[in-house]
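The values are calculated or read from the model by the stated rules, or taken from the named source; none is laboratory data. Just so we're clear, the structure is a prediction, and the values are computed from it rather than from any experiment. A quick note on method: Cβ atoms are made from the backbone with ideal geometry, for glycine too, and the neighbour counts reach across all protein chains shown. These area figures cover heavy atoms from the full protein model, side chains too; ligands, DNA and RNA do not enter into them. Shrake-Rupley method; radii C 1.70, N 1.55, O 1.52, S 1.80 Å.
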Amino acid sequence: MPKKTIADLPDLTGKKVLVRVDFNVPMDEAGNISNDRRIVGALPTLRTLLDRGAALVVMSHLGQPDGDPTSSDFRSKNARLTMDRVAVRLGEKLGRPVTKLNDVVGLQVQHAADALKPGDVLLLENVRFHPGEKAKDKDFAQQLANLADVYVNDAFGTCHRSDASMVAVPAAFKAAGKPRVVGLLVAKELEILDGLLSAPKRPMVGLLGGAKVSDKVGFIKSLLSRVDKVLIGGAMTYLFLKAQGHKIGNSFCETKAKEGQKTPVQMAQEILELGKDKIILPVDHLAVTDIKAFDSAKVVDGEIPDGLAGVDIGPKTIALYRTEIAQAATVVWNGPMGKFEDEPYSQGTRSIANALSQAHAVTVVGGGETAEAVEEFGLAEKMTHVSTGGGAFLEYVEGTPFKALAEIDDR
Ligand code: ADP
Ligand code: 3PG
Ligand code: MG
């Protein structure tokens with residue numbers, strides 16, 4: 001691990017530590033947290049710092065708030081994105097009180113930080129409620145840096161972002177000669193992903209699914225250069241089938257090119273050419289007349305006939321992929337195999353998750369929905385690693401350098 005971690009920090013008794021976490025957790029319509037793995041993931045760092053005598057100022061973003069943070073109706077419009085429920089869940093998980101503040105910076109925040117005693121925990125308001133976060137504002141960053149003696153980045157899921165709390169804040173700590181380290185979650189994620197990228201055990205199989213190829217082109221190309229085989233599933237299947245000239249019926253399929261980019265079909269053709277010796281596409285599918293017509297679901301071979309939409313991989317494909325997984329020494333998985341949120345279409349994703357859980361292989365799962373699926377099936381503990389990163393996981397595998405990590409002190 002080339003970066004300093006909290007284990008490298010000297011005595012923390014009486015010190016204040018500003019910890020950037022990624023508590024951007026999914027919530028249901030009523031605003032209840034539907035999955036708290038990102039909160040749980042930061043607990044080892046928070047507990048270690050508290051056990052070592054520190055007081056904590058914890059900060060995170062939540063969601064993507066709408067509108068200009070300086071406008072008068074911003075708070076009411078984005079009320080569901082306050083950190084209130086996160087604070088409650090964090091307090092329950094930590095087993096100690098968490099004081100949630102209604103601001104990110106300002107006099108009250110500074111006073112609250114000044115009054116901290118060892119073992120105390122403050123949680124700031126959603127950092128995206130302040131315009132300085134997205135604007136990478138130096139004055140905003142300085143105000144945050146004034147709250148503490150040490151900066152800890154334990155927000156792996158946000159490491160691909162260059163927002164103020166990720167880059168300008170540690171830069172302000174550096175300017176003041178104060179330490180900047182990563183937490184245990186970031187250290188673990190980096191160690192596992194670096195191992196995967198530098199010296200994976202072979203054969204290495206990539207499992208690739210989910211919605212859009214255009215979101216993942218860099219990741220897919222990087223994966224193709226590293227793995228021995230790539231097994232495709234999910235909605236992106238149909239773009240690849242279309243690119244090969246097959247029928248895809250009414251299946252979900254990207255059509256529009258993003259500005260200045262190739263069309264999705266061109267992208268898919270390029271990937272198919274690049275991975276012609278490695279890519280395996282589904283040989284059968286579960287298809288429906290309408291996404292809500294669960295009773296119409298039937299298995300079709302090869303391509304998708306007119307009037308039907310593919311919603312999951314079929315039984316032959318499941319068997320084929322399970323065999324490949326059983327023979328692999330390393331498996332990297334991003335993207336559900338079907339529209340798994342609907343139980344009747346979850347069989348492919350569930351069977352593949354089961355196969356990974358039983359494999360004698362290093363198994364690494366990344367991606368927001370993929371990780372949620374694995375958790376929902378109760379199989380997360382059976383994987384070598386389930387990343388807390390969505391975009392961060394994809395971009396790290398793609399090889400994008402992260403400014404947030406460049407700001408952390410080297411060993
Ligand atoms: P991740 O967040 O794990 O990277 P994506 O965001 O790429 O995954 O895609 C996940 C979404 O793709 C899921 O919500 C799932 O419902 C959807 N999906 C997968 N297969 C299909 C399909 N055949 N038809 C429609 N939606 C699908
Ligand atoms: C994520 O969920 O991928 C991270 O929390 C980053 O969130 P963002 O995509 O809104 O920047
Ligand atoms: Mg997603």
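Calculate, for VAL283 and GLN358, the FRET efficiency according to 1/(1 + (r/R0)^6) with r their C-beta to C-beta distance and R0 25 Å; round to the nearest 0.05.
Values: r = 22 Å, r/R0 = 0.89.
About 0.70, to the nearest 0.05.
Mind checking the full-extension length gain between LYS117 and GLN64? Use 0.36 nm per residue of separation minus the Cα-Cα distance, one decimal, nm. Each step should come with its number before you reach the end.
Values: separation 53, 0.36 × 53 = 19.08 nm, distance 3.26 nm.
Additional length available on full extension: 15.8 nm.
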Exercise for review: Select from SER346, LEU379, VAL331 the residue farthest towards the positive end of the dipole of the stretch 235-388; place +1 on Cβ of Lys and Arg, -1 on Cβ of Asp and Glu, and compute about the Cα centre.
Suggested key: VAL331
Study note, to complete from the structure: For ILE304, the residues 5 or more places away or on another chain with a placed amide H closer than 5 Å to its own amide H are LYS247, ILE248, GLY249
Exercise for review: Could you give the spread of the C-alpha atoms of the stretch 335-408 along their three principal axes, from largest to smallest, in whole angstroms?
Suggested key: 45, 27, 17
Review point. For the stretch 1-143, what are the per-bin percents of Cα-Cα distances with bins 5 Å wide, up to the bin holding the maximum?
Key: 2, 9, 19, 21, 20, 16, 9, 3, 1, 0
Practice item. Please provide three numbers in whole Å: the alpha-carbon extents of the chain along the principal axes, with the largest listed first. Key: 67, 48, 42
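Using just the helices of the chain, give the 222 nm mean residue ellipticity in deg cm²/dmol: DSSP H runs with n ≥ 4 each add -39,500 (n - 2.57), and the total is spread over all residues, rounded to 500.
Working: 16 runs with 149 residues, N = 411.
So the calculated ellipticity at 222 nm is -10500 deg cm²/dmol.
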Check your understanding: DSSP loop trypsin sites (Lys or Arg not before Pro) in the stretch 175-277 with at most 15 other Cβ atoms within 10 Å of their Cβ, which ones?
Key -> LYS201, LYS247, LYS256, LYS258, LYS262, LYS276
**Study point:** Protein accessible area in the stretch 124-279, 1.4 Å probe - carbon and sulfur %
**Key:** 50 percent
Study note, to complete from the structure: the chain, Gaussian network, Cα under 10 Å: of MET27, MET83, MET166, the residue fluctuating most is MET27
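Taking the Cβ-Cβ separation of ALA135 and ARG202 as r and a Förster radius of 35 Å, what is the calculated FRET efficiency to the nearest 0.05? Intermediate values should be presented prior to the final figure.
Numbers: r = 46 Å, r/R0 = 1.30.
The formula returns an efficiency of 0.15 here.
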Exercise for review: For the stretch 71-140, evaluate the Debye formula with one uniform point scatterer on each Cα (no solvent term) and list log10 I(q)/I(0) at q = 0.14, 0.16, 0.23, 0.25 Å⁻¹, rounded to two decimals.
Suggested key: -0.49, -0.64, -1.11, -1.19
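Listed here are the pairs LYS256/LYS276; LYS4/LYS258; LYS93/LYS201; which of them are more than 28 Å apart at the Cα? Numbers along the way, then the final one.
Numbers: LYS256/LYS276 24 Å; LYS4/LYS258 39 Å; LYS93/LYS201 36 Å.
From the list (LYS256/LYS276; LYS4/LYS258; LYS93/LYS201), the Cα-Cα distance tops 28 Å for LYS4/LYS258; LYS93/LYS201.
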**Study point:** Hz values of 3J(HN,Hα) by residue in the stretch 15-28 - Karplus curve (6.51, -1.76, 1.60), Gly and Pro given as x
**Key:** 8, 9, 10, 8, 10, 8, 10, 10, 9, 7, 9, x, 10, 7
Exercise for review: Would you please name the GluC sites (Glu not before Pro) within the stretch 313-411 that are DSSP coil residues with at most 16 other C-beta atoms within 10 Å of their C-beta?
Suggested key: GLU341
Point to revise | Residue-wise HN-Hα coupling along the stretch 366-377, computed from phi with Karplus coefficients 6.51, -1.76, 1.60 (Hz; x: Gly, Pro) | key: x, x, x, 6, 5, 5, 4, 4, 4, 5, 4, 7
Exercise for review: May I ask you to evaluate 6.51 cos²θ - 1.76 cosθ + 1.60, the Karplus curve with θ = phi - 60°, for each residue of the stretch 254-268 and list the ³J(HN,Hα) values in order in whole Hz, giving x for glycine and proline?
Suggested key: 5, 10, 7, 7, 6, 3, x, 10, 5, 5, x, 4, 4, 4, 5
Exercise for review: Would you please give the residues with an amide H less than 5 Å from that of PHE252, counting only those at least 5 places away or on a separate chain, with H modeled from the backbone geometry?
Suggested key: GLY310
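Report, in debye and to the nearest 20, how large the dipole of the stretch 36-152 comes out about its Cα centre when Lys and Arg carry +1 and Asp and Glu carry -1 on their Cβ.
Values: 17 positive and 15 negative charges, 96 e Å.
For the stretch 36-152, the charge dipole is close to 460 debye.
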Check your understanding: Under a 1.4 Å probe, what is the accessible area of the stretch 223-374 per residue, stated in Å²?
Key -> 43 Å²
Exercise for review: Using label points projected 7 Å from each Cα along Cα→Cβ, tell me how many nm separate LYS382 and GLN110, to one decimal.
Suggested key: 5.5 nm
Review point. Where does the stretch 160-251 land on Rg/Rh, using Cα atoms and the Kirkwood Rh?
Key: 1.16
**Study point:** Cα centre as origin, Lys/Arg/Asp/Glu Cβ charges: the chain dipole, Debye
**Key:** 820 debye
